[in-house]
Amino acid sequence: MKKLFTVTLIIVMVFSMSALGTGCGQKDTPSGEKVTLKVGMIGKDIKTACIILAKELGYFEEENLDVQFETVNSLPDGLTAVSTDKLDILPYGVIPSCSFISQGTDVVIIGGTIAEGSEGISATDEEITEISQLDGKKLGCFRMETGHMVMKNLLREAGYEAEFIYLESQQAIVEAVKKGEVDYGFVNSGYGYVAEQGGAHVAFRVGDFEADFPCCRQTASRTAVNEKRDALVRFEKAAIKGYVTYVNDHETTIKTLAAYSGQDEAYVEAIMYGTDDYNNAMIISLDPEKEKVAEFYEIMKANGDISADTEYDINDYIDESIYEEALQAVKDAGEYNV
């Protein structure tokens with residue numbers, strides 16, 4: 001089964017479920033004044049599992065936060081709303097964050113959501129185990145999917161070429177694969193699972209070729225970082241509690257995410273944890289992973305996805321301290337036994 005978390009989030013945790021407040025134990029004392037944080041959400045997507053769990057299980061309330069989910073139509077719309085202070089946080093997408101920052105938009109990456117999560121589907125049962133197998137192939141992709149950008153860079157560095165064909169959606173990619181219009185298609189893990197149920201096949205996972213590459217990030221407005229920093233730390237603390245629930249209490253996680261999303265529990269289990277028949281590609285990780293994001297920024301430059309001549313250094317727009325302070329606070333409270 002796919003690993004559930006990365007080394008940066010501190011591994012091997014022994015956590016008392018009563019400390020989470022899911023049982024009869026004492027809850028944390030709320031700290032700081034009541035603050036409202038507006039968070040952009042894409043429909044009922046459950047990639048933001050830790051944030052959803054924090055909301056649904058009351059962890060934000062324990063931190064004296066009023067977290068309001070606001071629906072956004074697209075990732076660019078969400079980043080625009082963050083950059084204009086209409087939203088405090090968008091917990092999706094590394095591509096729009098890097099793109100906006102490369103053009104001088106003053107937003108700040110403060111945390112992570114997931115890593116990896118990209119799968120290559122095909123209409124046959126062939127397994128792709130060597131990157132050379134993609135040489136000369138037609139590869140369906142869409143612009144807001146991270147894995148194809150990583151694979152494009154790996155192919156170039158290895159001296160191979162492939163034709164990347166941009167389509168309008170993941171569903172269009174699945175259809176193109178089934179019709180033989182492309183050899184393989186890049187989709188996120190949820191779509192990989194659905195595609196397999198419909199007769200397609202997951203031929204490879206980009207994470208097997210490039211481990212822990214960043215996908216969705218938590219991007220905040222500069223105003224929120226400057227004026228609501230304590231609230232953002234509390235937000236991360238609640239999300240960390242959501243992460244601990246995710247790791248230690250599969251039943252609560254699956255039921256909560258299924259109820260929130262309207263998806264069946266089999267789907268939620270598959271993409272969150274994997275099953276005997278499906279090896280999930282998505283890694284839940286709240287760490288902002290500054291070095292990994294900086295590496296991805298350079299990949300986007302090399303691919304021509306953003307200007308190679310941009311004057312804006314991504315490192316100036318990543319703040320690890322908020323997540324680090326939150327993680328230390330949770331550890332100091334005795335909720336982690338590291």
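Here are the numbers:
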| item | result |
| --- | --- |
| Estimated FRET transfer efficiency when R0 is 30 angstrom, pair THR129-ARG156 (beta carbons, to 0.05) | 0.95 |
| Listed pairs LYS38/LYS228; LYS86/LYS290; LYS138/LYS178; LYS44/LYS228; LYS34/LYS228 exceeding 22 Å between Cα atoms | LYS86/LYS290; LYS44/LYS228 |
| In Å², nearest 10: area of LYS237 left accessible to a 1.4 Å probe | 40 Å² |
| Estimated inter-spin distance, THR84 and ASP208, nm [label 7 Å along Cα→Cβ] | 4.4 nm |
| Nitroxide proxy distance, nm - points 7 Å out along Cα→Cβ at GLN68 and ALA333 | 2.5 nm |
| Fraction of the pair-distance distribution of the range 231-273 above 13 Å, Cα-Cα pairs, percent | 55 percent |
| Heavy-atom accessible area per residue - the range 176-215, 1.4 Å, Å² | 36 Å² |
| ASP319 - accessible surface, heavy atoms, 1.4 Å probe, Å² rounded to 10 | 40 Å² |
| Where ASP125, ASP85 fall by accessible area, highest first, once all protein chains stay in place (1.4 Å) | ASP125, ASP85 |
| Residue-averaged [θ]222 nm for the chain, counting only DSSP H segments that reach four residues, each worth -39500 (n - 2.57) | -12000 deg cm²/dmol |
| Debye log10 I(q)/I(0) at q = 0.11, 0.14 Å⁻¹ for the range 83-227, Cα point scatterers | -0.45, -0.68 |
| Fraction of accessible area attributable to carbon and sulfur, the chain (%, probe 1.4 Å) | 43 percent |
| Length added when fully stretched, HIS250-ARG229, from 0.36 nm per residue minus Cα-Cα | 4.4 nm |
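The values are calculated or read from the model by the stated rules, or taken from the named source; none is laboratory data. Every value quoted in this text rests on a predicted model; they were computed, and no experiment measured them. Cβ: placed from backbone, ideal geometry, glycine included. Neighbour counts: every protein chain shown. Each accessible area value is taken on the protein alone, full model and side chains, heavy atoms only, with ligands, DNA and RNA left out. Shrake-Rupley method; radii C 1.70, N 1.55, O 1.52, S 1.80 Å.
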